[in-house]
1. So if each residue of separation counts as 0.36 nm, and I subtract the Cα-Cα distance between A:M142 and A:M50, what length gain in nm does that give?
2. Output ³J(HN,Hα) for segment B:27-39: one whole-Hz value per residue in order, computed from phi by the Karplus curve 6.51 cos²θ - 1.76 cosθ + 1.60 with θ = phi - 60°, and x for Gly and Pro.
3. Over the alpha-carbon set of chain B, divide Rg by the Kirkwood Rh and report the Rg/Rh ratio to two decimals.
4. Could I have the simple spin-label model distance between A:Q94 and A:D2, label points 7 Å from Cα toward Cβ, reported in nm to one decimal?
5. Any idea how far apart A:F118 and B:E73 come out in nm if each label point goes 7 Å out from Cα toward Cβ?
6. Per 0.36 nm of contour for each residue apart, how much would the distance between A:V160 and A:V20 grow if the chain were fully extended, relative to their Cα-Cα spacing?
7. Of the peptides A:114-126, B:40-52, B:66-78, how do they stack up when ordered by the mean number of other Cβ atoms within 10 Å, highest first?
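Just so it is clear, none of the values below were taken in a lab; they were calculated from the coordinates. These figures come from a predicted structure and were not determined experimentally. Cβ placement follows ideal geometry from the backbone for every residue including glycine, while neighbour counts extend to all protein chains displayed.
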Amino acid sequence: MDYPLGVDIAFLLLAVLAVVSAWRVFCTDSMVRASFFLLVSFIAVGVIMMLLAAVYLGVAMFFMMAVEMMVMALFMVMFMMNPAGLNPMMMVHQHRLSIGAGVAAFVVLGGVALLADFPVRPLPAGLEPVRSLGEEMLGDSMLIFESAGVVLLTTMVGVVVLASHRGRYGGAAEGSMPPGLEPGGEPAGMPEAEEGGGHHHHCH
Amino acid sequence: MTLVTLLLLAAALIGIGLYGALSQQSFVMLMMGLELMLNGVMLAAVAFWALSGAGAPEGQLLTIVVMAVMAIEMAMGFALVVAVFRTNQADMTEALSGLKH
């Protein structure tokens, strides 16, 4: 299938943007910026999907990733010691092995792309992609679609159980210590040990 | 924009994502690597759907399923980060050396 020149140029620019921003995710100092670079990479891929006529998927990608990366940036600020990138950051382990694995994955998959003989069957002329997706999701593949929904619900329940502060047998933080204000220092913000005060737990 | 160039782009994203997932010490950065790999997978699925699959609707459905997987991965990942942080005060993979706190 031949695309007009404008589409080809747009694809080239978006592809470069997607790869460069994906690479910048792992070599920027600021973790918040890293999540925004990831967002840029996802949006570039979403636009490429729209160029390929998968309009619904491209737009769904925008919505989903915009929210997801905001959540990710929030988590970065909450949990990481260096969210703003004020210090140089290179937190990696097994670096050479990882680079090797990444390059090997690219070479193998790229080799498949270059050498394999995929059938050329472009989209039929009168196809309405969104309509066909909707009819598939609520028609033949409804079971798959609904299963995905049930799995998402299960995930929500599991996530609340994992992350909830209060478990069935007491607080989730019981027995753990808050981090010190300096490395190896006293735990910060520990509640004072309560003496008496009617907080004894009795078994009835 | 041909199938080969699209698949090469997908391969590049998967390769970078694999590098990130294997090399990063921080949990959230590690998850970003996984997300990038899924990004490449979705792009490859849409490329096959549009250029090699004659617009079979299952191709788009596959991408929707991968999107659901991505949402599940993010939610479970963040919940595990919260749970690990509560018990171990850890935000690095190295800090986890045992299953019991």
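1. Full extension of this stretch gives 30.7 nm more.
2. Karplus-based 3J(HN,Hα) across segment B:27-39 equals 4, 5, 5, 4, 5, 4, x, 4, 4, 5, 4, 5, 4 Hz.
3. 1.12
4. 4.9
5. So the label points at A:F118 and B:E73 sit 1.9 nm apart.
6. Numbers: separation 140, 0.36 × 140 = 50.40 nm, distance 3.57 nm.
Full-extension gain reported as 46.8 nm.
7. Numbers: A:114-126: 10.7, B:40-52: 24.3, B:66-78: 18.4.
Per-residue Cβ counts within 10 Å, averaged per peptide and sorted highest first, yield B:40-52, B:66-78, A:114-126.
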